[in-house]
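Novice: Have a look at this one.
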Amino acid sequence: MARMLTFNIFRYNPQDSASFPHMQEFRLEETESMTLFIALNRLREEQDHSLQFDFCCRAAICGACAMVVNGRPGLACHTKTKDFPDKITLMPLPVFKLVGDLSVDTGTWFRGMAKKIESWCHTKKVFDPNAQEERMDNALAERIYELDRCVECGCCVAACGTALMRDDFLGATALNRIARFILDPRDERTEKDYFDIIGTDEGVFGCMGLFGCQDVCPKRLPLQEVLGKLRLKMAFAAANNLLPKFLRREVRL
Amino acid sequence: MSSIPSYATHKPETSCRCSAYLDWLQMLTGACLILFMLMHLLFVGSAIISPSLMNGLSKVFEWTGMAQIGGPVIFFLLLLHFVLAARKIPFASKQQGIMIANARRMHHLDTWLWVIQAVSGMVILVMGSIHLWTVLTNLPITAQKNAMRLQDSRAWIGFYIVFIPMVWLHTGIGFYRIMVKWGIVGIDGRPGLRKKDALIAATAMVIGFMTLWRFVFLSIN
């Protein structure tokens, strides 16, 4: 017999002056292979048309449907109800600006982050549209692609104690993005350039090592390893000029 | 870029390496204190085998000057490590509330371990200072002196019943965090490291309590 699920959903519309933040209870019969995305759509269609939440791809590719599910950030389309008890609490992601109910504006945050870390290939080469694209070693391309799989859902930021406490902290997603450019030979930025961006307490040295980012990432990005290697790389970049030759290290990601 | 001045008082066009140096120092002082604690465990734990063995080791530390110089150095390292770690610890009640709320919401072990480490760090600062001051102002260290202190006042027994677990919780979690935070242990190694680390910390805690037990019931004469 199918379970009757109880959803406790955060409701608040900042656009409506009569609205106030509160939790609203919904009940819905569970169906086979039900995801939170399916459940939310059914709730909106069958019970409350005003329920706000974001979705687009339904396949954990767009990152739009991130929300806090029973305390942990995750993607609604990627989360099966069978993995949860009868009661499921849904909250919007913290850190980001609330649009309404479960919908948050991650776009503005990510655009600001991309501008801050200059998230593009810096090169002095003039683009020649007739030239063949430069070849890249396949193994290296795969390593860059591995880090490029980030869908900007914001789960790692919402799960990060440092980001919650300090709004100037770059967050795992930004540090992962920088690692991707460090790997990319087309980006001509030097180690000092990268250090200027992330070699601070707002960057990699601000990470307190709670590892929440790694454990909630729906794309299973190796954030813990990336942040660890970045810390080591930046720490040696700063210390190499003080160290005797035999202790100096150039850390590769 | 973060180096672009955004305030009138912002230092222009210079990149500061201080965050990196302070992070190095935090890690290195922590690593030194972990090593010290392991050696300290062997030293005081030797009283379980024989109080004379501990007294013998103590004489070596006295004779080489390790107790007279090393003791204050460890005190300094403890204070320095606290100041460095305090850069990250939330002191404002609003920030503390955010951290606790996050840990409770997430049901995430490593977030809780961080909270435990921060709290135990505060406790160690106070209790460690009391312990070091008491021991270093009454050199040389002997098993009989330790026993006398504990047998004279039950408050000291209560003190160490709190202090020993705090030290090994902080030390164990600190070692684990250094290994992961500095990229020495990868994703796959994290659960295994956590288990081994917990086992070592628990063993150290047991040895600590056995030593305490030994001192409480040691014949002073």
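Every number here is computed from the coordinates shown, using simple stated rules; none is lab data. Here the structure is a predicted model, which is why all the values come from computation and not from measurement. Virtual Cβ from ideal backbone geometry, glycine too; neighbours counted across all protein chains shown.
Novice: How many nm separate the modelled label positions at B:Leu79 and B:Leu199, each set 7 Å beyond the Cα in the direction of the Cβ?
Specialist: 4.0
Novice: If one computes the Cα centroid of the stretch A:182-226 and of the stretch A:91-139, what distance in Å separates the two points?
Specialist: The two parts, judged by their Cα centres, are 14 Å apart.
Novice: Measure out, as a whole number of angstrom, how far apart the alpha-carbon centroids of the stretch B:80-156 and the stretch A:2-65 sit.
Specialist: 44
Novice: Calculated FRET efficiency, A:Ala18 and B:Met122, Cβ-Cβ r, R0 35 Å, to nearest 0.05?
Specialist: In this case the efficiency is close to 0.20.
Novice: Now, a different point. If I take every Cα pair under 8 Å that is 6 or more residues apart in the stretch B:28-143, average their sequence separation and divide by the length, what percent do I get for the relative contact order?
Specialist: 41
Novice: Once you put a point 7 Å from the Cα of B:Ile100 and another 7 Å from the Cα of B:Leu42, both along the Cβ direction, what distance in nm separates them?
Specialist: Going by the 7 Å Cα→Cβ label model, 4.1 nm.
Novice: List the DSSP H helices in chain B whose Cα atoms stretch 24 Å or more along the helix axis and whose mean Kyte-Doolittle hydropathy is at least 0.5.
Specialist: Within chain B the helices that satisfy the rule are B:18-49, B:109-136, B:154-181, B:190-216.
Novice: Could I ask something else about it? On C-alpha positions alone, give me the angle between the axis of helix A:223-239 and the longest principal axis of chain A, in degrees, nearest 10.
Specialist: Taking the Cα atoms of chain A, the angle to A:223-239 is about 30 degrees.
Novice: As an exercise, use a Förster radius of 35 Å and the Cβ-Cβ distance of B:Leu139 and A:Ala239 to find the FRET efficiency, rounded to the nearest 0.05.
Specialist: 0.45
Novice: Which cysteines in chain A lack any other cysteine whose Cβ sits under 4.7 Å from their own Cβ?
Specialist: Result for chain A is A:Cys65, A:Cys77, A:Cys121, A:Cys150, A:Cys153, A:Cys155, A:Cys160, A:Cys207, A:Cys217, no neighbouring Cys Cβ within the cutoff.
Novice: Scanning chain B for chymotrypsin sites (Phe, Trp or Tyr not before Pro) in DSSP loops with at most 10 other Cβ atoms within 10 Å, what's the longest stretch left with none?
Specialist: B:92-216
Novice: Hey, what angle do you get for helix A:172-183 against the long axis of chain A, alpha-carbon based, 0 to 90 degrees rounded to 10?
Specialist: 30
Novice: Kindly express, to the nearest 10 degrees and within the range 0 to 90, the angle between helix A:106-116's C-alpha long axis and the longest C-alpha principal axis of chain A.
Specialist: Tilt relative to chain A: about 10 degrees.
Novice: Continuing with this model, one more query. Pulled fully out, how much extra length does the chain show between A:Arg186 and A:Ala114, if you take 0.36 nm times their separation in residues and subtract their Cα-Cα distance?
Specialist: Extra length available between A:Arg186 and A:Ala114 comes to 24.2 nm.
Novice: Now for a separate question. In percent, how large is the relative contact order of the stretch A:190-247, given Cα pairs closer than 8 Å and 6 or more residues apart?
Specialist: After rounding, I find 32 percent.
Novice: Here's another thing I want to ask about it. Beyond 18 Å between alpha-carbons counts as too far, so tell me which of A:Lys192/A:Lys233; A:Lys116/B:Lys181; A:Lys115/B:Lys181; A:Lys125/A:Lys229; A:Lys80/A:Lys219 fall in that bin.
Specialist: Table pairs above 18 Å Cα-Cα are A:Lys116/B:Lys181; A:Lys115/B:Lys181; A:Lys125/A:Lys229.
Novice: Another one. Using label points projected 7 Å from each Cα along Cα→Cβ, tell me how many nm separate A:Val251 and A:Asp193, to one decimal.
Specialist: With each label point 7 Å from Cα toward Cβ, the separation is 2.1 nm.
Novice: Which whole-number percentage describes the relative contact order of chain B, with Cα contacts under 8 Å and a sequence gap of 6 or more?
Specialist: Dividing the mean separation by the residue count of chain B yields 26 percent.
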